């Protein structure tokens, strides 16, 4: 009651299938939606039922499909991203330091003015 031994052709076929599955690491992805085919005579004419009610023909009047390409970041992209983040941090720190340096003379002037007012009031009341 054993299963019959596979033939040489069957072994070759199984081996070929196994090797082809190993080589095919990233199979192509099937489209999720079937593309819409617009006949040439209707390409520049838009139907009223397709137009959105809030479009006024201004900035958003172009009716084109735009693709967004997303890719993995390589070492150069990561370096640029870190450089941009460092630049933002430096700008924020320079702004904070500038605010502190502007407030130092303002606080000093208020303290000196308060001390002068106290001296002048203290000596006038005696």
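Computed over the alpha-carbon pairs of segment 74-126, the distance histogram in 10 Å steps reads 21, 21, 17, 15, 12, 8, 5, 1 percent, short to long. Working from label points 7 Å from Cα in the Cα-to-Cβ sense, the residue 8 to residue 69 distance is 5.0 nm.
At 0.36 nm per residue, minus the direct Cα-Cα distance, what do residue 34 and residue 80 gain on full extension? Give it in nm, one decimal, please.
Difference between extended and current length: 12.8 nm.
Legend: ranking of residues 29, 17 from fewest to most surrounding C-beta atoms inside 10 Å; resulting order 29, 17. Simple spin-label model, 7 Å along Cα-to-Cβ: residue 107 to residue 119 in nm? Label at residue 107, label at residue 119, 2.2 nm between them.
Gain in length, residue 17 to residue 92, computed as 0.36 nm per residue apart minus the alpha-carbon separation, to one decimal in nm?
Working it through step by step, the gained length comes to 21.1 nm.
Every number in this text was worked out from the coordinates using simple rules, so none of it is lab data. The structure displayed is predicted, hence computed values, not measured ones. No Cβ is skipped: glycine too gets one built from the backbone with ideal geometry, and neighbour counts run over all protein chains shown.
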